[in-house]
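The values are calculated or read from the model by the stated rules, or taken from the named source; none is laboratory data. The structure displayed is predicted, hence computed values, not measured ones. Quick reminder, even Gly has a Cβ in these numbers, built from the backbone with ideal geometry, and neighbours come from all protein chains shown. Accessible surface areas use protein heavy atoms only, side chains included; no ligands, DNA or RNA. Shrake-Rupley method; radii C 1.70, N 1.55, O 1.52, S 1.80 Å.
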Amino acid sequence: MSGPFVAILMGSESDLPVMQGASDVLAGLGVRCEMKITSAHRTPAATQQYISDAESRGCALFIAGAGLAAHLAGAVAAHTLKPVIGVPIDSGPMQGMDSLLSTVQMPAGIPVATVAIGKTGAKNAGYLAAQILALQDPALAQRVRAEREQKAASVQAQDRALQESRK
Ligand code: RP5
């Protein structure tokens, strides 16, 4: 695989089971990505260094997931003009509402495209990243479309089975 890649950042190893969903979606769509554990609070300088290094190697877009006072996506957005997608992680006692508000409430001019809390959000971060890259990549757009058609066929098959079971 070549071409631009997506950088998936997370604040802690404990976020990996959630953020793996973004990586799996991108892999399934043939989009190159790398994963990095780096924290807005615990390793701020290393986070900044990683962003500029990733950009210099062809990173087109960042996905950042964090829990609690989740500033990672915002911190990434402060250091890049590439699109940033934020994933609020449900790692604390507030079940991700803390992370959601910390991630989504960015000041004007420094946007973070925030997805849903937790595993569904991480998967959607992968799909959204692929759709953004597909704007410049017709083959990728076709793969995204094909997956949607597959999902639609699966729902229709489920309904056929339901109707059959009720006869
Ligand atoms: C955040 O604090 C991380 O993103 C993680 O979701 C949460 C807890 O981190 P650990 O204490 O598990 O390392 O910075």
Rounded percent of accessible protein surface that carbon and sulfur make up, the chain, 1.4 Å probe: 55
Express in nm, to one decimal, how much length is gained between residue 57 and residue 143 on full extension, taking 0.36 nm for each residue of separation and deducting their alpha carbon distance. 28.5 nm
Rel. contact order, % - alpha carbon contacts under 8 angstrom, at least six apart, the range 7-124: 26
Student exercise, the range 39-131 dipole from Lys, Arg, Asp, Glu Cβ charges, in Debye to nearest 20: 140
Nearby lysines by direct alpha-carbon distance to residue 123 (threshold 16 angstrom, same-chain neighbours under 8 apart not counted): 151
Using 0.36 nm per residue of separation minus the Cα-Cα distance, give me the extension gain between residue 34 and residue 163 in nm, one decimal. 42.1 nm
Å² per residue, accessible surface of the chain at 1.4 Å: 55
Would you kindly derive the ³J(HN,Hα) couplings of the range 68-77 from the backbone phi angles with the Karplus curve 6.51 cos²θ - 1.76 cosθ + 1.60 (θ = phi - 60°), listing them in order in whole Hz, with x for Gly and Pro? 6, 7, 7, 9, 4, 4, x, 5, 5, 4
Chain lengthening between residue 152 and residue 81 when straightened (0.36 nm per residue, less Cα-Cα): 22.1 nm
Three-way shape label, the chain, alpha-carbon gyration tensor, a/c 1.5: oblate
